[in-house]
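Colleague: What follows is a structure written as structure tokens; I'll ask about it next.
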Amino acid sequence: MKNLADSVLIFGVLLSLCLSVSGCIGPYGFQTGRALGKKGAGEMVLDLDFLALANDDGFAALPLGGFSGRMGLSEKADIGLVVSLESLSYIYGRYQVLGNQHSAAALSLGLGGGAVSTTSIDSHVYLLFPAWFSLHKGDFAWYLNPQWSLFWTSKQNDFAISPASRLYVSSGIEYFVAPNIALLLNAGYAKLPESTITSLDSAFTFGLGFKLVLGKNQ
């Protein structure tokens, strides 16, 4: 892209396109496979991301932000919320199926969902099937977060399953700089829906996250 105006225009077209075909731009990461491990424990993440949109001419990168939070329901179960500009917002639940709060490897499986309206008559409902895998050593962790998404579109109350269900992947590292404070680096990739409007076909995200953990001992 030659200038910021072109980038903003392309982003606006992409956002409208993705919503109109019941898709989302990119994945949201910033989580390891470990559950919070305690009922009532909490976690908040603030992030700054750069969304890079790929087409035949190169990339256009735009800064975006997001917020996520989750709360422990039990030793291995959490519920959470994601509000992000590069990913559709959703609520979710997750359960740790491998490892515990001290194991070197951890895996959690989840289920989430949400809805958005793009016009007065068009709305979209989506289900998300994420998984979180991570490897831990001391205060350091590496994580991988694949996510499969399934969308339905309603036009004047006529629901139809979308053919554009997609798989997104994000990965990153986490480091606790204090017992309850961690910094994260996250990168993600999403394959965008085919379009006759623009040649954009891929989205990449790269961001920095700030995590605050409350109500549990590290």
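Colleague: Is one or more of the residues making up the stretch 113-127 within 16 Å of the chain's Cα centre (by Cα), at pLDDT 95 or above and either on the phi < 0 side of the Ramachandran plot or surrounded by 13 or more Cβ atoms within 10 Å (Cβ to Cβ) (or both)?
Modeller: no
Colleague: Just to be sure I understand, how many residues within the stretch 99-113 are in a loop (DSSP other than H, G, I, E, B) and of a type in the set (A, V, I, L, M)? Outline the logic, then answer.
Modeller: Residues of the stretch 99-113 in a loop (DSSP other than H, G, I, E, B): 99-104.
Then keep just the ones that are of a type in the set (A, V, I, L, M); that gives 104.
Selection size over the stretch 99-113: 1.
Colleague: Condition (residue is at pLDDT 90 or above, within 21 Å of SER134 (Cα to Cα) and open to solvent by 20 Å² or more (accessible area, probe 1.4 Å)) applied to the stretch 48-58: is it met by at least one residue? Walk me through it before giving the result.
Modeller: Step one: of the stretch 48-58, the residues at pLDDT 90 or above are 48.
Going one step further and asking which of them are within 21 Å of SER134 (Cα to Cα), we end up with none.
Checked against the condition, which is being at pLDDT 90 or above, within 21 Å of SER134 (Cα to Cα) and open to solvent by 20 Å² or more (accessible area, probe 1.4 Å), the stretch 48-58 yields no hits at all.
Colleague: Right, another one. Please enumerate the residues belonging to the stretch 132-154 that are within 16 Å of the chain's Cα centre (by Cα), touching a residue at least 60 places away in the same chain (Cβ under 8 Å) and closer than 20 Å to ILE91 by Cα.
Modeller: TRP132, PHE133, ASN145, GLN147, SER149, PHE151
The values are calculated or read from the model by the stated rules, or taken from the named source; none is laboratory data. In this text, all values refer to a predicted model and were calculated from it rather than measured experimentally. Here the Cβ is made from the backbone with ideal geometry for all residues, glycine too, and neighbour counts use every protein chain on show. Ligands, DNA and RNA are excluded from the accessible area calculation, which covers all protein heavy atoms including side chains. Shrake-Rupley method; radii C 1.70, N 1.55, O 1.52, S 1.80 Å.
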